[in-house]
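To keep things clear, I will list the structure first and then write my remarks on it.
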Amino acid sequence: MDYNQILENARKNMGGRCLVCKECSGVGCKGVIPGPGGKGTGSSFARNYLKLQELKINMDLIYSKSSVSTEIELFGRKFKYPFFAAPISAVKIHYPGYFSEEEYSNAIVFGCKAAGTIGFTGDGESKDCYTSGLEAIKLTGGWGIPTIKPWGVEDVISKIKLAEQVGAPAVAMDIDAAGLPVLAKDKEICPKSVDDLKRIVESTKLPFIVKGIMTAKSAEKVLEAGAYGIVVSNHGGRVLDHTPATVEVLPDIVKAVKGKMKILIDGGIRSGLDVFKVLALGADGVLIGRPYSVAAYGGGEEGVALYTEKIGAELKQTMVMTGCSTLSDIDSSKLWQG
Ligand SMILES: Cc1cc2nc3c(=O)[nH]c(=O)nc-3n(C[C@H](O)[C@H](O)[C@H](O)COP(=O)(O)O)c2cc1C
């Protein structure tokens, strides 16, 4: 199997809502929810992608040859690469007719593990959205990170207990899900105060990550609550139209909380070069969403592993071309200032 074969298979298997475009830029699917699109005009998704494309990288080949390592340690585990599959759930609704929730979770969790990285799993209205991820994590010996919707605090805490039982190394909550068109009617999905977050953080020994942070002020509140980290994310542009790109808000957030908690980011990251760019801006790790779904629908577990290796090889090549032998060499001096 090669990547072109994966794309071809995915076009057949994704049910027509995802067009498996050559560039996954938010243009072909704007407004397509259910489906992979951005909300409303789709501008938030498209901007995530575009603003990353505008960043340019400085070449530097004048250095003594050395080996290149893309390894990283996060959530107490070592990974081969600093990027992970983002949580994607309710696939029966978004890409109907091919995978069950369980089959999708297995492809992501097993495929990421095989390639030396880790998959986040999601949550949703139907019970299997969360439990299928847990089951896959259990089967891989705790190799996945469940991401819980912002239900009432007690419900979140009981879902965290289930994550502990399957050996997950960390647990996340997508705080921005309150804006999801398919879930917004549910009164139990709601924003959380710093005190609510503290109760959740204190309920577990697992590192707790809040996904859906788009301002330095929100990041500081999450820090105050004692969380392990954040994901700078606008949910791939699916929860609010007309937001800035995640890569545009990243520098302010880095200035406010870098070194005090872990900063992950997602939104429009499509290549190893994009991974390099956000690391250069100060992110500690990266999530990739829709392209991982395409890899899963086009090649199952094997497709997910192959896609991971493809992005990893691009990252490694970018490090060679910029004189970086470890991830800690990737800093803002590697980006062109114009
Ligand atoms: C169909 C679909 C379902 C998603 N389901 C979830 C989910 O259950 N939980 C969550 O935190 N994020 C969910 N997301 C958002 C992704 O985790 C991620 O934030 C986003 O896709 C990143 O942007 P990218 O796809 O441009 O890489 C979903 C995204 C899509 C496209």
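Values for this structure:
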| item | result |
| --- | --- |
| Number of the exception - Leu134 against (1) open to solvent by less than 10 Å² (accessible area, probe 1.4 Å); (2) within 14 Å of the ligand (Cβ to nearest atom); (3) closer than 29 Å to Val275 by Cα | (1) |
| Residue within segment 297-305 that is farther than 20 Å from Lys80 by Cβ, free of Cβ contacts under 8 Å to residues at least 60 places away in the same chain and within 16 Å of the ligand (Cβ to nearest atom) present | no |
| Every residue from segment 97-145 that is outside any helix (DSSP H, G or I) and among the polar types (S, T, N, Q) | Ser100, Thr117, Thr121, Ser126, Thr140 |
| Hits in segment 226-244 - residues which are of a type in the set (A, V, I, L, M) and surrounded by 20 or more Cβ atoms within 10 Å (Cβ to Cβ) | Ala227, Ile230, Val231, Val232, Val239 |
| Listing of strands (runs of 3 or more DSSP E) fully contained in segment 221-338 that carry 1 or more residues being more than 14 Å from Thr70 (Cα to Cα) and charged (D, E, K, R) | 262-265 |
| Criterion violated by Phe276 - all others in (1) buried (at least 21 other Cβ atoms within 10 Å of the Cβ); (2) within 11 Å of the ligand (Cβ to nearest atom) satisfied | (2) |
| All positions within segment 245-271 that are without any contact (Cβ under 8 Å) to a residue 24 or more places away in the chain and open to solvent by less than 20 Å² (accessible area, probe 1.4 Å) | none |
| Conditions (1) at pLDDT 95 or above; (2) over 18 Å from Gly119 (Cβ atoms); (3) within 13 Å of the ligand (Cβ to nearest atom): number failed by Phe83 | (2) |
| Selection within segment 86-102 - of a type outside the set (Ser, Thr, Tyr) and either within 14 Å of the ligand (Cβ to nearest atom) or free of Cβ contacts under 8 Å to residues at least 12 places away in the same chain (or both) | Ala86, Pro87, Ile88, Ala90, Val91, Lys92, Ile93, His94, Pro96, Phe99, Glu101 |
| Scan of segment 7-46 for residues that are part of a helix (DSSP H, G or I) and in contact with a Leu (Cβ under 7 Å, 6 or more places away or on another chain), ordered by number | Ser44 |
| Verdict on Ser105 being within 12 Å of the ligand (Cβ to nearest atom), small (Gly, Ala, Ser) and either under 22 Å from Ile230 (Cα atoms) or modelled with pLDDT of 95 or more (or both) | yes |
| Some residue of segment 309-320 being within 16 Å of the ligand (Cβ to nearest atom), surrounded by 21 or more Cβ atoms within 10 Å (Cβ to Cβ) and in contact (Cβ under 8 Å) with a residue 60 or more places away in the chain | yes |
| Given (1) within 15 Å of the ligand (Cβ to nearest atom); (2) of a type outside the set (Ser, Thr, Tyr); (3) in contact with a helix residue (DSSP H, G or I) (Cβ under 8 Å, 6 or more places away or on another chain), number of the condition Leu61 does not satisfy | (1) |
| Subset tally (residues that are surrounded by fewer than 18 Cβ atoms within 10 Å (Cβ to Cβ) and within 16 Å of the ligand (Cβ to nearest atom)) for segment 138-157 | 1 |
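Residues are listed down the side, and each one gets a yes or a no for (1) among the hydrophobic types (A, V, I, L, M, F, W, C); (2) within 12 Å of the ligand (Cβ to nearest atom); (3) under 24 Å from Pro146 (Cβ atoms):
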residue	(1), (2), (3)
Val231	yes, yes, yes
Asn234	no, yes, yes
Val239	yes, yes, yes
His242	no, no, no
Asp252	no, no, no
Met261	yes, no, yes
Gly272	no, no, no
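This table checks each residue for (1) within 14 Å of the ligand (Cβ to nearest atom); (2) in contact (Cβ under 8 Å) with a residue 60 or more places away in the chain; (3) open to solvent by 50 Å² or more (accessible area, probe 1.4 Å).
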residue	(1), (2), (3)
Asn4	no, no, yes
Met14	yes, yes, no
Val20	yes, yes, no
Cys24	yes, yes, no
Val27	yes, no, yes
Gly38	yes, yes, no
Tyr49	yes, yes, no
Lys65	no, no, yes
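The values are calculated or read from the model by the stated rules, or taken from the named source; none is laboratory data. Because the structure is predicted, anything quoted here is derived from the model rather than measured. FYI the Cβ positions are ideal-geometry reconstructions off the backbone, even for glycines, and counts take in every protein chain you see. For the accessible areas, the whole protein counts, side chains as well, though only heavy atoms, and no ligand, DNA or RNA atoms are used. Shrake-Rupley method; radii C 1.70, N 1.55, O 1.52, S 1.80 Å.
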